[in-house]
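Trainee: Quick one: the structure is below, and I'll ask about it shortly.
The values are calculated or read from the model by the stated rules, or taken from the named source; none is laboratory data. Source: prediction; values computed, not measured. Ligands, DNA and RNA are stripped out before the accessible areas are found, and what is left, the full protein with its side chains, is counted by its heavy atoms. Shrake-Rupley method; radii C 1.70, N 1.55, O 1.52, S 1.80 Å.
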Amino acid sequence: QAGTPFDLEIEIDTARRRRLWVRVVGEAERGADGAIKRVLGAFQDVTHLRLARDKLRREESLMALAGKVSKVAGWSLTAPDMKLYWSRQVWEMVDYPAGQEPAPDELLQYYAPDSRKKLSQAIARCAKAGHAFDLELQLTTPAGRSMWARVAGEADYDAQGRIQAVHGAFSDITARKQ
């Protein structure tokens, strides 16, 4: 009635009793007098996309639980712009304030001086020449808690063989080191 365009995903049952997810988009076409004359639209079977999204959510949920229990998380640092991505578990392990985007240089300040130097050099070597690393490092979280972390990383290459990121794992090994 209002003529508002729409874009919906709905679940339907076909005549052959198949359950599908369908994307429905539409928009009202108005006549010269402004009245709605007809609705134009399209349907698209998005079942495969919906199932893939649901599977991804399940996988992410399982990985989050596994990471929490094992105190292991993932991270990625793009090259050459040095944009950092942490999995949710890293944020929780290092007591970093929620909603703040840490810069790589800012994060290095939380590591002990010797650990900071080792990590900085390892990331630089990996980003430039693809040298993987596996380090045990000491740091103090933003909340003031001392901890030990195992930080491992390796190069991620694009289709042309250029390093596009350094990514790896971060694990809390404090209990083992004490």
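Trainee: Going by a ≥ b ≥ c, the root eigenvalues of the Cα gyration tensor, does the stretch 14-123 fall in the rounded group (a/c under 1.5), the prolate group (a/b larger than b/c) or the oblate group?
Mentor: Because a/c hits 1.5 or more and a/b exceeds b/c, the stretch 14-123 counts as prolate.
Trainee: Let me ask something else about it. Can you list the aspartates and glutamates whose alpha carbon sits under 20 Å from that of residue 37, skipping same-chain ones fewer than 8 residues off?
Mentor: Excluding near neighbours in sequence, the set is 7, 27, 29.
Trainee: How far is helix 47-70 tilted, in degrees, relative to the longest principal axis of the Cα atoms in the chain, given as a value from 0 to 90 rounded to the nearest 10?
Mentor: Taking the Cα atoms of the chain, the angle to 47-70 is about 20 degrees.
Trainee: Let me ask something else. Just check the stretch 43-83 against the gyration tensor rule for me: Cα atoms, a ≥ b ≥ c as the square roots of the eigenvalues, rounded for a/c under 1.5, and otherwise prolate or oblate depending on whether a/b exceeds b/c.
Mentor: Cα axes put the stretch 43-83 in the oblate bin.
Trainee: Let me ask another. Averaged per residue, what accessible surface does the stretch 23-109 expose to a 1.4 Å probe, in Å²?
Mentor: Dividing the accessible area of the stretch 23-109 by its residue count gives 70 Å².
Trainee: With a 1.4 Å probe and all protein chains kept in place, how do 39, 69 rank by accessible area, largest first?
Mentor: Descending order: 69, 39.
Trainee: Within the set 55/118; 55/83; 71/118, which residue pairs have Cα atoms separated by over 30 Å?
Mentor: With Cα atoms farther than 30 Å apart: 55/118.
Trainee: Right, something else. Sort 48, 167, 131 by heavy-atom solvent-accessible area, probe 1.4 angstrom, most to least.
Mentor: The residues order as 48, 131, 167, largest area first.
Trainee: Here's a follow-up. Counting only the heavy atoms of the protein chains, how much of residue 58 is accessible to a 1.4 Å probe, in Å² to the nearest 10?
Mentor: Looks like 140 Å² after rounding.
Trainee: Still on this model: What does the accessible area of residue 82 come to, in Å² to the nearest 10, when a probe of 1.4 Å is used?
Mentor: Residue 82 has an accessible surface of roughly 80 Å² with all protein chains in place.
Trainee: Probe radius 1.4 Å, ligands and nucleic acids ignored: give me the carbon and sulfur share of the accessible area of the chain as a rounded percent.
Mentor: Carbon-and-sulfur percentage of accessible area, whole number: 53.
Trainee: For the stretch 9-79, what percent of Cα pairs sit more than 16 Å apart?
Mentor: The proportion of pairs with Cα distances above 16 Å equals 71 percent.
Trainee: Could I ask something else about it? When only the heavy atoms of the protein chains count and the probe is 1.4 Å, how do 146, 115 rank by accessible area, highest first?
Mentor: Sorted descending by solvent-accessible area, the residues read 146, 115.
Trainee: So, one more: Assign one of three labels to the stretch 51-178, namely rounded, prolate or oblate, based on the Cα gyration tensor with a ≥ b ≥ c the square roots of its eigenvalues; rounded applies when a/c is under 1.5, prolate when it is not and a/b is larger than b/c, and oblate otherwise.
Mentor: oblate
Trainee: Just to confirm, what accessible area per residue do you get for the stretch 137-178 at 1.4 Å probe, in whole Å²?
Mentor: Result: 54 Å² per residue.
Trainee: What angle do you read, to the nearest 10 degrees and between 0 and 90, between the alpha-carbon axis of helix 113-129 and the longest principal axis of the chain?
Mentor: Rounded to the nearest ten degrees, it is 60.
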